[in-house]
Structure formats: C-alpha cells, structure tokens
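To keep things clear, I will list the structure first and then write my remarks on it.
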Amino acid sequence: MISTKAYAAMSPSTPLVPWTLERRQPGTYDVQIEILFCGVCHSDLHTAKNEWNGSIYPVVPGHEIVGKVLAVGEGVLKYQTGDLVGVGCMVDSCQHCDSCKEGLEQYCEEGSTATYNSKLRDNSGISYGGYSGMITVREDFVLRIPDNLPLEGVAPLLCAGITTYSPLRHWKAGKGMKVGVVGLGGLGHMAVKLAVAMGCEVTLISRSPSKEADMKQLGGHHFILSTDHNQMKKAKNNFDLILDTVSAIHDYNDYLHLVKRDGTMVCLGGPPTGPGIESFNLIGKRRSLAGSLIGGIAETQEMLDFCAAHQIVSEVEVIDMDYINEAYTRMLKGDVRYRFVIDMASLEK
Ligand code: NAP
Ligand code: ZN
C-alpha cells in the first residue's frame with residue numbers, strides 16, 4: 001500500500017480535515033496517478049454532509065480528477081508514465097452486463113463503483129476520491145486528457161461536462177433545438193457552453209439576475225428569471241429539452257410547464273427530495289420527465305475530444321485544499337463562478 005495525503009469529512013456535521021489514506025500498489029491493469037487538480041462538485045457536498053443517506057465515513061470526495069501517470073501495471077496498454085490523464089465519477093463496473101457492454105458503465109446492472117464512497121468490487125474497502133495526492137485506477141476507467149486545454153479548466157469536464165453532454169447527445173441536441181438550462185452552477189454553465197457548441201438555441205432559467213450577463217458571455221442566447229411569474233408564464237410550452245441542474249429542493253412543475261408538446265425535461269440535479277409532478281402537467285402536453293446519470297467511459301472520452309475541438313473548458317476559481325470548507329459554504333450560497341478546482345500541490349503546503 002502507498003500512503004497519500006487527503007482531506008476527509010469525518011461526519012456529516014463537521015468540516016473536512018486533513019487525513020492520510022492508503023492506496024493500492026498498481027496491479028497488472030492499474031494506472032497510478034499523481035493528482036494535479038480536482039474539481040469541487042455539489043455531489044461532493046451532498047455526500048460529505050450525508051444528504052443522500054448512505055455516506056460511509058471518512059468520506060474523501062472528489063470525482064473531477066486530472067493528473068499525471070506515475071506508474072502503470074505491466075498489462076496496461078493505453079497509458080505510460082508522464083501521460084496526462086483524467087478520472088471521473090466511476091472507477092470500476094462489472095464489464096459484462098448489458099449496460100457495460102453498451103458502454104453505459106454508469107448504469108451497470110451490478111452497480112458501478114463510484115470514485116468515492118463506494119464499496120470496492122473485491123470487498124477490500126471503500127473508494128476514496130480526488131481530494132488527495134494520488135490515486136490508483138483500473139486502466140479501463142482512465143481518460144486521455146487533450147493537451148491543448150488548461151488542466152484546471154479540464155478537471156470539471158470529468159463530471160459537470162459529461163453529465164450535461166450525455167443527455168444533450170441522448171436527446172439529439174442540434175441546430176435550432178430550443179434548450180433550457182435550469183440553474184447556472186457547475187453543471188449549468190457546462191450545459192450552456194456545450195448546447196451552444198452543438199448549435200442549440202439556449203435559454204438560462206435562473207433565480208439569479210446577475211447571471212444573465214454571465215450566460216451571454218458563455219454564449220447563451222436568452223434569460224428567464226425564474227422568480228418572475230410573468231417571465232415564466234410567457235415562456236410556457238416553449239422548449240424541446242430542459243436540463244434541470246438545481247441542487248436544492250424545488251418545484252419541478254414550475255419548469256415542466258415550460259416544455260413544449262412532446263418535449264422532455266431531464267433531471268440532473270439531485271436534491272434530497274425528488275420531483276412531485278402533477279400528472280396533468282405531463283399528460284396535457286405528452287411531455288416526458290427523465291433523468292440522466294453522468295455518462296459512460298467511451299462517451300466521456302468523446303466529450304473530452306469534443307471540448308478539445310471546440311476549445312471548451314470550465315470557468316474555474318482555483319483554490320488551495322485548506323479552503324475547501326469555505327468553498328462549500330460559498331457553493332451553497334451560489335457564490336461560485338462557476339467551479340471551484342483544488343490545486344493539489346497545495347496539499348503539501
Ligand atoms: P452548483 O454549482 O451548486 O449549482 C447548482 C445551481 O442550482 C446553483 O448555481 C443555482 O443556480 C441553482 N440553485 C441552487 N439552489 C436553488 C434553489 N433553492 N432554487 C432554485 N435554484 C437553485 O451544483 P452542481 O455541482 O452544478 O450540481 C448540481 C446538482 O447536480 C447537484 O445536486 C449534484 O449532486 C447533481 N449532479 C448530478 C449528476 C448526475 O449524474 N445526474 C452529476 C453531477 C452532479 P441559479 O443561481 O442560476 O438559480
Ligand atoms: Zn459530480
């Protein structure tokens with residue numbers, strides 16, 4: 001085993017603190033990675049605070065990992081020492097069920113292994129995430145990082161990027177499609193950038209008036225203030241596709257009204273209480289309500305390559321590791337433009 005410094009939540013109600021954890025030595029098909037940057041996702045906060053019930057302490061969050069290969073097992077074919085690589089929200093899955101065979105490892109019938117807070121498949125313990133100096137990951141779950149993009153801006157693509165790219169692709173986002181994005185946070189700002197790059201007509205639906213100007217800078221087209229009843233009423237039956245990225249409990253019906261006949265609203269945000277939908281809100285316009293979980297490994301690579309081709313990265317505020325608790329407080333207030341990313345070199349300070 002190899003010791004590595006980390007930051008962990010020891011309980012739902014206490015701040016994250018320095019901790020040391022043990023990583024396995026790279027096995028035959030493993031890649032050992034020095035973590036350079038790790039994005040801060042709202043899921044990290046939900047899990048650290050046990051908002052989804054099921055957190056196993058200590059929790060070491062972090063699933064937007066970019067780093068450099070330190071060593072590889074003798075069976076590893078795709079990577080070598082010194083390569084820039086990424087790790088997203090999964091580190092393992094069964095690889096033989098129908099979902100895995102279709103490249104949809106996130107929906108593995110046996111349950112995929114999340115990068116943190118997941119039981120390892122060999123029962124050797126719990127997975128620990130990217131708020132740490134180093135990680136050992138099976139080659140099949142390691143991504144190649146394009147070399148033409150700033151690394152700190154790439155890290156959030158590994159979760160916020162793929163989580164918004166995958167439903168856009170699945171629901172065939174393309175030229176002229178009217179896409180609404182609810183909430184401009186980590187996921188929301190990536191949704192705006194990606195949908196714009198795919199040729200969609202993009203509207204941000206936000207409770208924050210100050211985000212209208214930001215949305216325009218990100219390339220978005222229209223803005224609806226969700227707290228303004230008249231604006232919401234005027235936008236009824238308007239969108240082909242809505243991506244709801246809100247992290248807090250909210251009324252999904254308010255947004256479903258904005259979907260046009262035969263359109264779809266996709267739940268991406270994971271507030272502790274889910275959608276309570278009025279049935280006629282679906283029936284009346286043959287609307288669909290759907291969900292979507294991150295994206296498969298092949299699609300994540302496709303998304304990274306798409307971002308490289310379109311020069312798309314996340315807007316980030318780089319922080320030191322010991323700023324994480326303040327970062328969580330600010331994220332809860334919506335005070336981040338638009339993703340905190342931890343510079344892992346700061347672990348050694
Ligand atoms: P974030 O950066 O904190 O952004 C969330 C946004 O939601 C905020 O910026 C805010 O946007 C809006 N919001 C917050 N509270 C609200 C409220 N009370 N009412 C209305 N809007 C509110 O979070 P994130 O990292 O993007 O994550 C968003 C959610 O997606 C989290 O629940 C996370 O766990 C989940 N997630 C899901 C997946 C998946 O696979 N489906 C993957 C990753 C994350 P405005 O100020 O613009 O309104
Ligand atoms: Zn995430």
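A few notes on this one:
- For the stretch 284-305, the set of residues classified as in contact with a helix residue (DSSP H, G or I) (Cβ under 7 Å, 6 or more places away or on another chain) and either touching a residue at least 40 places away in the same chain (Cβ under 8 Å) or under 27 Å from GLY86 (Cβ atoms) (or both) consists of SER292, LEU293, ILE294, GLY295, GLY296, ILE297, GLU299, THR300, MET303, LEU304, listed by residue number.
- Residue that is farthest from the chain's Cα centre (by Cα) [pool: residues in the stretch 1-35 that are in a strand (DSSP E or B) and among the charged types (D, E, K, R)]: GLU22
- Restricting the stretch 170-184 to residues that are outside any loop (DSSP other than H, G, I, E, B) and in contact with a Gly (Cβ under 8 Å, 6 or more places away or on another chain), the residue that is nearest to ligand 1 (Cβ to nearest atom): VAL182
- Of the residues screened, LEU187 is one that is among the aliphatic types (A, V, I, L, M) and either part of a loop (DSSP other than H, G, I, E, B) or within 16 Å of ligand 2 (Cβ to nearest atom) (or both).
- In the set ASP140, ASP147, only one residue is in the same structural domain as LEU36 (by TED's automatic domain parsing) and outside any loop (DSSP other than H, G, I, E, B); that residue is ASP140.
For (1) small (Gly, Ala, Ser); (2) under 18 Å from the mean Cα position of the chain (by Cα); (3) closer than 28 Å to GLN80 by Cα, each residue gets a yes or a no:
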residue	(1), (2), (3)
ASP98	no, no, no
ILE126	no, no, yes
GLY133	yes, no, yes
ALA173	yes, no, no
VAL181	no, yes, no
GLU212	no, no, no
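- Qualifying residue in the stretch 73-88 (condition: away from ligand 1 (no atom under 16 Å from the Cβ), among the small types (Gly, Ala, Ser), in the same structural domain as SER13 (by TED's automatic domain parsing) and modelled with pLDDT under 95): no
- Close pairs from the stretch 191-211: first closer than 23 Å to HIS229 by Cβ, partner surrounded by fewer than 24 Cβ atoms within 10 Å (Cβ to Cβ) and β-branched (Val, Ile, Thr), Cβ under 8 Å, at least 6 apart: VAL202/VAL196; THR203/ILE224; LEU204/ILE224; ILE205/ILE224; SER206/ILE224; ARG207/THR227
- Of the residues examined, GLY67 is not one that is within 25 Å of GLY270 (Cα to Cα), among the small types (Gly, Ala, Ser), surrounded by 24 or more Cβ atoms within 10 Å (Cβ to Cβ) and under 19 Å from the mean Cα position of the chain (by Cα).
- Top-ranked residue of the stretch 251-283 - restricted to ones that are farther than 30 Å from VAL85 by Cα, in a loop (DSSP other than H, G, I, E, B) and of a type in the set (A, V, I, L, M), ranked as farthest from ligand 1 (Cβ to nearest atom): ILE277
- Qualifying residues in the stretch 226-250 (those that are in a loop (DSSP other than H, G, I, E, B) and either free of Cβ contacts under 8 Å to residues at least 24 places away in the same chain or outside the structural domain of SER208 (by TED's automatic domain parsing) (or both)) - the one surrounded by the most Cβ atoms within 10 Å (Cβ to Cβ): HIS250
- Flag for GLY39 being touching a Cys at 6+ places or on another chain (Cβ under 9 Å), touching a residue at least 24 places away in the same chain (Cβ under 8 Å) and closer than 23 Å to LEU332 by Cβ: yes
The values are calculated or read from the model by the stated rules, or taken from the named source; none is laboratory data. Here the structure is a predicted model, which means the values were calculated and not measured. Positions of Cβ are backbone-derived with ideal geometry, glycine not excepted, and every protein chain shown enters the neighbour counts.
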